[in-house]
1. List pairs: first in region 50-76 and in contact (Cβ under 8 Å) with a residue 12 or more places away in the chain, second part of a helix (DSSP H, G or I) and of a type in the set (G, A, S), Cβ under 6 Å, 6+ apart or cross-chain?
2. If you go through region 85-101, how many residues are more than 16 Å from H139 (Cβ to Cβ), among the aliphatic types (A, V, I, L, M) and touching a helix residue (DSSP H, G or I) at 6+ places or on another chain (Cβ under 9 Å)?
3. Any idea which residue in region 25-70 is surrounded by the most Cβ atoms within 10 Å (Cβ to Cβ), counting only those that are part of a loop (DSSP other than H, G, I, E, B) and of a type in the set (S, T, Y)?
4. Could you say whether any residue in region 260-267 is more than 24 Å from S64 (Cβ to Cβ), of a type in the set (S, T, Y) and assigned to a helix (DSSP H, G or I)?
5. Quick one: is S199 farther than 27 Å from A34 by Cα, modelled with pLDDT of 95 or more and touching a Phe, Trp or Tyr at 6+ places or on another chain (Cβ under 7 Å)?
6. Scan region 226-257 residue by residue and report those that are surrounded by 15 or more Cβ atoms within 10 Å (Cβ to Cβ) and under 22 Å from L186 (Cα atoms).
7. Give all pairs with beta carbons closer than 8 Å in which a residue from region 193-215 that is over 30 Å from L159 (Cα atoms) meets a residue that is surrounded by fewer than 18 Cβ atoms within 10 Å (Cβ to Cβ) and modelled with pLDDT under 95; count only pairs at least 6 apart in sequence or on separate chains.
8. Among the residues of region 262-276, is any over 18 Å from L163 (Cβ atoms), β-branched (V, I, T) and in contact with a Gly (Cβ under 9 Å, 6 or more places away or on another chain)?
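The values are calculated or read from the model by the stated rules, or taken from the named source; none is laboratory data. Bear in mind that the values here come from a model prediction, so they are computed numbers and not experimental data. Don't worry about glycine lacking a Cβ; one is built from the backbone with ideal geometry, like all the others, and counts go over all protein chains shown.
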Amino acid sequence: MNQRTPRLKAPGGACDTHIHFYDTEERYPVAPTATFLPPPARIADYRQVQERLGLERVVVVQPSSYGTDNRCTMDAVAELGPGVARAVVVVDQSVDDAELQRLTDGGARGIRFHMLPGGALPWEILEEMAARVHPCGWHVQLQCNGHLLPEREPMLKRLPGRLVIDHVGRFMDPVPPDHEAFRCLLRLIEGGRTWVKLSAPYESSKAGPPGYGDVSMLARALAKAAPDRMLWATNWPHPGQKNPQVRDDALALDLLLDWTLDEATRNRILVDNPAALYGF
């Protein structure tokens with residue numbers, strides 16, 4: 001684990017809005033839809049990250065490895081505690097109202113649609129499930145190739161609640177700010193109900209670390225356009241990534257020094273925005 005201390009001093013209440021936990025297959029079986037299972041990444045490991053970066057709150061996102069079996073995610077949220085942890089889970093049409101209430105009571109605040117290999121839910125049920133979980137106060141968290149946003153724009157605008165888009169839009173390959181796909185993301189943001197995670201630039205960047213110049217220009221444009229609906233995350237434990245520089249959580253935090261213009265904006269992204277969205 002990289003032990004570098006970040007230059008950015010995190011404010012009190014800072015939140016990491018996207019991490020995953022993994023354990024052995026004996027404890028939590030891998031879903032039939034999964035493409036791989038990363039090595040175990042447990043609470044004790046993440047607490048070291050929290051301490052080094054000065055983070056107090058966290059959102060645990062259901063990884064694709066476990067499909068609709070949310071036990072690993074929800075067990076972790078229960079152990080971390082309701083004051084510091086929330087969850088984004090994966091449920092399909094088979095979920096009943098009692099289970100939705102149980103998940104909500106346990107800290108779930110969103111339903112995840114991972115529209116990449118290994119994802120458990122298809123595009124075809126996104127609107128149906130968004131309507132189903134909306135009364136629970138949940139949002140839709142979407143990860144897809146950002147190039148698909150224009151063709152999905154009408155549907156995404158019809159969603160009844162909030163929409164959170166992962167990883168600076170995850171444009172694969174990265175696009176310039178005047179590209180139609182990025183302009184579509186800006187239009188969604190202008191609608192007032194779309195949030196974006198400024199996270200994991202390595203998932204789409206061709207320029208690479210430490211600056212991720214091709215993705216950083218998009219992150220700066222997003223932070224300028226809607227600082228009140230930007231979020232930040234480490235994407236710990238960086239599943240599938242081997243490069244130590246890519247896995248540097250301190251670098252992930254320090255990128256906010258480049259992506260934002262002032263401390264007030266950074267504090268909003270790290271503290272106020274996630275508090276509003278996840279109910280801390």
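1. Between residues of region 50-76 that are in contact (Cβ under 8 Å) with a residue 12 or more places away in the chain and residues that are part of a helix (DSSP H, G or I) and of a type in the set (G, A, S), the close pairs are V60/A76.
2. Qualifying residue count, region 85-101: 2.
3. Filtering region 25-70 for residues that are part of a loop (DSSP other than H, G, I, E, B) and of a type in the set (S, T, Y), the one surrounded by the most Cβ atoms within 10 Å (Cβ to Cβ) comes out as Y28.
4. Yes, region 260-267 contains at least one residue that is more than 24 Å from S64 (Cβ to Cβ), of a type in the set (S, T, Y) and assigned to a helix (DSSP H, G or I).
5. No.
6. Across region 226-257, the qualifying residues are A226, P227, R229, M230, L231, W232, A233, L255, L256.
7. If the second residue must be surrounded by fewer than 18 Cβ atoms within 10 Å (Cβ to Cβ) and modelled with pLDDT under 95, the pairs left are K206/D173; P209/N243; P209/Q245; P210/Q245.
8. yes
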